[in-house]
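Participant: Here it is, the structure, as C-alpha cells.
Any read-out appearing in this document is the output of simple, stated calculations on the displayed coordinates, not a laboratory observation. On a predicted model such as this, the values are computed, not experimentally measured, just so you know. Positions of Cβ are generated from backbone atoms using ideal geometry, with glycine treated the same way; all protein chains shown enter the neighbour counts.
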Amino acid sequence: MLENFFKPRSMAILGASSDPNKLGYNLVKNMISYGYKGEVYPINPKAGEILGLKSYKSLEDAPRPVDLAVLAVAPKYVLEAMDQCGRMGIESAVIITGGFKESGREGAKLERELAEAARRNRVRLIGPNCIGVIDTLSGVNASFAADMPLPGNIGVFSQSGAICVAILDWALGENVGFSRFVSLGNEADITETEILESFGQDDQTKVIIGYLESVERGRDFMDTAYRISQTKPVIIIKAGVTAAGAKAASSHTGAMAGSENAYEAAFKQAGIVRAYTMAELFNFALAFSTQPFPVGPNLCIITNSGGPGIIAADAIEKTQLHLATLSNETISELRTFLPPIASLYNPVDIIGDADAERYRRTLATIVEDTNIHNILVMLAPAAITHIDETAAALAPIAKQASKPVVTCFMGRKRVEMGRKLLLDAGVPSYNYPESAINSLNAMFRHRQWLDRPERVYPTLPGDKSAVQKVFDDITATGRNDLIEAEARGVLQAYGFRVPEVVLAKTSDEAVAAAEKIGYPVVMKIVSPQVLHKSDLGGVALGLADKSQVADAFFNMTTRIRNVIPQAIILGVYIQQMVTGGKEVILGLTKDEQFGPMVMFGLGGIYVEALKDVAFRIVPLSEQDAFDMVREIRSFPILRGVRGEPAADLKAIETSLLKLSQIALDFSQIIEADINPLMVLPQGQGAVAIDARFTLARQV
C-alpha cells in the first residue's frame, strides 16, 4: 500500500533549489547520488536547471505519471500543493516542511487543514515536519540526511527527527546497514502502525527498530506488532512515560496506572523487544540483525583476563541466561592446547598471553559443544595481545556458527580496528560485557516468546443483564461509584465467590447478624461517600463477641460522622471473616491509548506503597493471566515459603480472566479494585472480600 514511498518510478521535489544552503538542494542531491534509477523532477518557478536536471515551474508542468511528491516549500503553499497532487493523480507525498502543530495553535490548525486536503485529494502523506524516507535497495533517499546508510536488513522508523539523525550516524559509525528508514514527523496521516505494517511486508527488512513518543490507535498498534513479531523482531524505545504523565485517580489501580505501565504491558503482549536506552536500541539491533536466535539460555565466556570474566559472570546473574557447564569432551579438547594455568571451566580464561590462534582454537572447540547455546568472546588489550589478528581469526568461526557469538573487545583506541573487522564481518562487538550479555538475553527472551503456545482467549460466562441493571440504576441516581453491595452483585454475576454479608443499621442488628454468621466477623461502614474504608477507620476485623461488635458499631459510625459530616451512612456490613489465605489485589483501569487494563499484585493496604504489581491490556489470554501472577517480585510468597501451603494460583488466574471479561462486556467501567481477593490454599479457590467500581460520568 505504501510502496510508492520506497520504490517510486518517478519523483517530483517541490521547493527544489540550486542553493547548496537550502533543503531543496540537498533533497535533489540525495535523490541523484545513491543509485536511484527513476526520474527526478525538480519543481521551482525560477530555476531552469538544478544539479543537471531540468526544473519545472509547477508540479502540473512535470511529466506524468509522478509516483511520489516531496515537499520542501513554505507552509502557506502546502495546501495548494496537495490540490495539485490530487489533480495529477499523485497518491503519495512526503512533507519535509515544518511549521505545523509543533509550532503552536496556528500551526496545529494548518496541520488539520493539511490532513483534510490530503484526504480530499486521496493523497497519503508522511510528515509534515520530517526528515524524509530512505530505501537503500531502490536507492531512494527522499530526505535531507547528511549521508546515505549502507544497505542492510534493518528497517527504522522514528517520531523524532533528532533521533533519526543519531541513528543514521550510529549506523555509519558501526558499519550497520538499513533496508528502509522513515522519519514520521507529526503524523498528520500515516502513523507508526502503518509503517510497521509496511516494514513487515518488505522482504529486505529482517529486523525493525523504532523510536516512539506516543501511539495513536493503541489496539491496532498492538495487533500489528504482534502479527509482525512472529517473523521479524520489533525493537522499540519508548520515551515520555514518566509518572508526571499519570492522571489523578481514586482507586489503587488508577493511582498506580499510567502510560509507562500501559506501554510495558502492551509491548509484552505484542512481542515487542523493548529497549530502555538508546544504547540498548543500538546494541539489540546489532545482535538481532546478525545473529541466529539461541535455542537455550546456556552461555559460555571466553576471556584472556579473569577480571572481565568475573564482571560478565556477575552481569549474567541479572538475566535469564545461565553460566553453562562445558561437556567433558570439550574440557578434554581444551586441555590439549591451552596452558596448564588456564581455567578450563566457565568462564574459560585462556590467560593474558593468548594469541590469535589460541582464541581461534578455543572458540572453534566451544562452538561444537551442544551444552552451549550462546558464546561471548572477551579481549582485554594487553601489550602483547594481537588484537587485529585475533579479530580476523574469530570472525569466520563466529559468522558460520549456528548459535549466537558476540564479542567484547574492551577499551577504545587499541581495539578500534579489531572491532571494525568484526563488525564488517557481521559479528557484533561491544565495548562492555554488560551490553553484550543484555543483547544475548534480549534474543533469548524473544526466542521464548516465539516458542510460546498460541494464545487462548476464553469467553467466560456472566449475567450481563443483571450487571447492566445495576449500572443503569447507579447512573439514574447520578452516582458513579458503586457501594459494596452493588460491587458484590457485579462480581457474583461473573462467578466470583464472595463471603456471607448482612446489612445492619443498628448495633442490635449488627450483633444479630454476627450471631447468625458466626464469630469472628468483619464490620465495614456502608456509605457512598466512603470509598477507601480502611483509611478512615471504616473497617474492623476479627470481632469475636457481642460486646466487640456493639462497641465497633458505635465507634465506627461516630468516627465517620466526625471525619465526613456530609456522609450518608446506610449502616454497616457484618461479614464472614475469611482466614487462612493470602491477600492479593485485582484491578481495572482505562488507558487513553490502549483501553482497559488489568492489574495484579499482593493485596491489602500496602499495595500503593510497594507497587509490586503487573499490568496487561484487555483482553487477557490464559498465558497473560499465568504470566501476571508469576511476574510480581513477591510471587514466592504465593508459591509458599518456609513450609506455608501454596496459594491457589489457578484461582487467581481465573479471577483475572473474569475481570478481563467484565471489562470487555462493560466499556463504561473506568476503574475497579477487588482488594483483597483472599486466595486460599491450592485447590480451595479464592474469595473476593471487598470491591469497588467506578463508572464513566454520563454526559
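Participant: Work out from phi, with θ = phi - 60° and the Karplus expression 6.51 cos²θ - 1.76 cosθ + 1.60, the ³J(HN,Hα) of each residue of region 275-285, listed in order in whole Hz, and give x for Gly and Pro.
Facilitator: 9, 9, 9, 4, 4, 5, 4, 5, 4, 5, 4
Participant: Moving on to the next point. What do you get for the angle between helix 105-120 and the principal long axis of the chain? Use alpha-carbon atoms, 0 to 90 degrees, nearest ten.
Facilitator: Rounded to the nearest ten degrees, it is 80.
Participant: Can you figure out the FRET efficiency of F635 with T277, using R₀ = 25 Å and their beta-carbon distance, to the nearest 0.05? List each step's numbers first, then the result.
Facilitator: On the way: r = 27 Å, r/R0 = 1.08.
Efficiency at R0 = 25 Å is approximately 0.40.
Participant: Another question about this same structure. For region 2-69, state which trypsin sites (Lys or Arg not before Pro) are in a DSSP loop and have at most 10 other beta carbons lying within 10 Å of their beta carbon. Intermediate results must be reported in sequence, preceding the final value.
Facilitator: On the way: sites: R9, K22, K29, K37, K46, K54, K57; in loops: R9, K22, K37, K46, K57.
Answer by residue number: K37, K46.
Participant: With a cut-off of 8 Å between alpha carbons and a minimum separation of six or more residues, what is the relative contact order of the chain in percent? Mind showing how you got there, number by number?
Facilitator: On the way: 1465 pairs, mean separation 59.6, N = 699.
With pairs under 8 Å counted, the relative contact order is 9 percent.
Participant: Determine which residues of region 258-299 fall in the zone a paramagnetic label at A166 would reach in this model, i.e. backbone nitrogen under 11 Å from the point 7 Å along Cα→Cβ.
Facilitator: Counting backbone N atoms under 11 Å from the label point, the list is 277-282.
Participant: Taking amide hydrogens as modeled 1.01 Å from N in the peptide plane, which residues meet the under 5 Å criterion relative to M577, leaving out close sequence neighbours?
Facilitator: Amide H to amide H, under 5 Å and 5 or more residues apart or across chains, M577 pairs with V522.
Participant: 5 Å is the cut-off here: which amide hydrogens, built 1.01 Å from N in the peptide plane, fall below it relative to H322, excluding neighbours closer than 5 in sequence?
Facilitator: N298, L299
Participant: Further question on the same structure: Taking the Cα centre of region 500-577 as origin and charging only Cβ (+1 Lys, Arg; -1 Asp, Glu), how large is the dipole, in debye to the nearest 20?
Facilitator: Details: 7 positive and 7 negative charges, 44 e Å.
Taking the Cα centre of region 500-577 as origin, the dipole is about 200 debye.
Participant: Which Cα, out of I163, V406, S343, lies furthest along the positive dipole direction of the chain (beta carbon charges, K/R +1, D/E -1)?
Facilitator: Among I163, V406, S343, the one farthest towards the positive end of the dipole of the chain is I163.
Participant: Separate question: Label-point separation (nm) for K29 and S465, each offset 7 Å from Cα along Cα-to-Cβ?
Facilitator: Going by the 7 Å Cα→Cβ label model, 7.4 nm.
Participant: Using 7 Å Cα-to-Cβ label points, what is the D203/L570 separation (nm, one decimal)?
Facilitator: It works out to 6.6 nm between the two label points.
Participant: Let me ask something else about it. In debye, nearest 20: dipole of the chain around its Cα centre with unit charges on the Cβ of K, R (+) and D, E (-)?
Facilitator: Values: 69 positive and 79 negative charges, 101 e Å.
That gives the chain a dipole magnitude of about 480 debye.
Participant: Based on DSSP H runs of at least 4 residues, each adding -39500 (n - 2.57), what is the mean residue ellipticity at 222 nm of the chain after dividing by all its residues, to the nearest 500 deg cm²/dmol? Numbers along the way, then the final one.
Facilitator: Working: 24 runs with 268 residues, N = 699.
Value at 222 nm, helices only, nearest 500: -11500 deg cm²/dmol.
Participant: Using the Cα centre as the reference, give the magnitude of the dipole from point charges on the C-beta atoms of region 14-105 (Lys, Arg: +1; Asp, Glu: -1; all else neutral), rounded to the nearest 20 debye. If you can, show how the numbers build up before the last one.
Facilitator: Working: 11 positive and 10 negative charges, 40 e Å.
Charge dipole of region 14-105: 200 debye, to the nearest 20.
Participant: Quick one: helix 433-450 against the long Cα principal axis of the chain, what's the angle to the nearest 10°, folded into 0 to 90?
Facilitator: The angle comes out at about 70 degrees.
Participant: Answer rounded, prolate or oblate for region 313-447, using the Cα gyration tensor with square roots of eigenvalues a ≥ b ≥ c: rounded when a/c is under 1.5, else prolate when a/b is larger than b/c, else oblate.
Facilitator: Working: a/c = 1.45, a/b = 1.03, b/c = 1.40.
Rounded is the answer for region 313-447, as its axis ratio a/c remains below 1.5.
Participant: Shifting gears a bit: Report the Cα centroid-to-centroid distance between region 127-206 and region 1-65 in angstrom, as an integer.
Facilitator: Taking the Cα centre of region 1-65 as reference, the centre of region 127-206 is 19 Å away.
Participant: So, one more: Straight distance only, please: which lysines reach the Cα of K505 with their own Cα at less than 24 Å, same-chain residues fewer than 8 apart left out?
Facilitator: Reachable lysines: K516, K524, K533, K546.
Participant: Would you kindly state the longest site-free stretch of the chain, with sites defined as GluC sites (Glu not before Pro) in a DSSP loop (not H, G, I, E, B) surrounded by at most 15 other Cβ atoms within 10 Å?
Facilitator: Numbers: sites that count: E213, E216, E317, E368, E454, E500, E592.
Looking at the chain, 1-212 is the longest stretch - no exposed GluC sites (Glu not before Pro) with at most 15 other Cβ atoms within 10 Å.
Participant: Can I ask one more? Taking the DSSP beta bridges in the chain as the whole, what percent of them are antiparallel, to the nearest 5? Write down the numbers at each step before the final one.
Facilitator: On the way: 53 of 104 bridges.
In the chain, approximately 50 percent of DSSP beta bridges are antiparallel ones.
Participant: Pairs K238/K650; K268/K403; K403/K650: which are spaced more than 28 Å apart, C-alpha to C-alpha? Before the final figure, lay out each step's value.
Facilitator: Details: K238/K650 33 Å; K268/K403 25 Å; K403/K650 37 Å.
In this structure, K238/K650; K403/K650 lie more than 28 Å apart at Cα.
Participant: Another question about this same structure. Return the FRET efficiency for the residue pair E592, A146: r is the Cβ-Cβ distance, R0 is 41 Å, and the value is rounded to the nearest 0.05.
Facilitator: Values: r = 37 Å, r/R0 = 0.90.
After rounding to 0.05, the efficiency reads 0.65.
Participant: Could you work out how far apart the two model spin labels at A364 and R112 are, taking each label as a point 7 Å from the Cα in the direction of the beta carbon, and quote it in nm?
Facilitator: 7.0
Participant: Extension gain R87-K611, at 0.36 nm per residue separation less the Cα-Cα distance, in nm? Don't skip to the end; give the middle numbers.
Facilitator: Numbers: separation 524, 0.36 × 524 = 188.64 nm, distance 5.74 nm.
Length gained between R87 and K611: 182.9 nm.
Participant: Going Cα to Cα from K57, which lysines come in below 26 Å? Please leave out same-chain ones fewer than 8 positions away.
Facilitator: By straight Cα distance, K57 reaches K7, K22, K29, K37, K46, K76.
Participant: For a Förster distance of 56 Å, can you work out the FRET efficiency between the beta-carbons of Y432 and K76, rounded to the nearest 0.05? Can you show the working numbers first?
Facilitator: Numbers: r = 50 Å, r/R0 = 0.90.
Rounded to the nearest 0.05, the efficiency is 0.65.
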